[in-house]
Amino acid sequence: QVQLVESGGGLVQPGGSLRLSCAASGRFFSIDVMGWYRQAPGKQRELVATITRAGDTNYADSVKGRFTISRDNAKNTVDLQMNSLKPEDTAVYYCYSWAERSNYWGQGTQVTVSS
């Protein structure tokens, strides 16, 4: 079992930056993949970025060049640095992990990009 707790969401103006953090806890041997998904009102949940334990990353085309994902395997944390934010980045952001053949999700943190 993996519990995920996000932090760092909020309100930011277009062009601004935010950093999301997620900490994993519980009883597990290791976490293979950590990442972030988001869901805007009326839309399906979509991939933002993932990172493997080895450090391989995958980004949605819409965030490439603006967002950077990183993780600390020793601390079981994953961060998402979001720069040049746009109104269309507004969504609830969910931390995700794939560990021991199961998916785990955080409770979500709201990111609102508005002037």
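Highest mobility in the GNM of the chain, judged by mean-square fluctuation with C-alpha springs under 10 Å and restricted to S70, S21, S30, is found for S30. Note on surface exposure: D61, D72, D56, D79 rank D61, D56, D72, D79 by accessible area, highest first, 1.4 Å probe.
The 1.4 Å probe gives accessible areas that order F29, F67, largest first, as F29, F67.
Maximal additional length on extending the S21-R66 stretch stands at 14.6 nm, based on 0.36 nm per residue less the C-alpha distance. In the stretch 50-115, Cα pairs under 8 Å separated by at least six residues give a relative contact order of 22 percent. Normalised by the number of residues in the chain, the mean separation of alpha-carbon contacts (under 8 Å, six or more apart) gives a relative contact order of 37 percent. Both radii were evaluated on the Cα set of the stretch 1-90; the Rg over Rh quotient, with Rh as the Kirkwood radius, amounts to 0.97.
The values are calculated or read from the model by the stated rules, or taken from the named source; none is laboratory data. In this text the structure is predicted, and so the values were computed from the model without any measurement. Note: areas computed on protein heavy atoms with side chains; ligands, DNA, RNA excluded. Shrake-Rupley method; radii C 1.70, N 1.55, O 1.52, S 1.80 Å.
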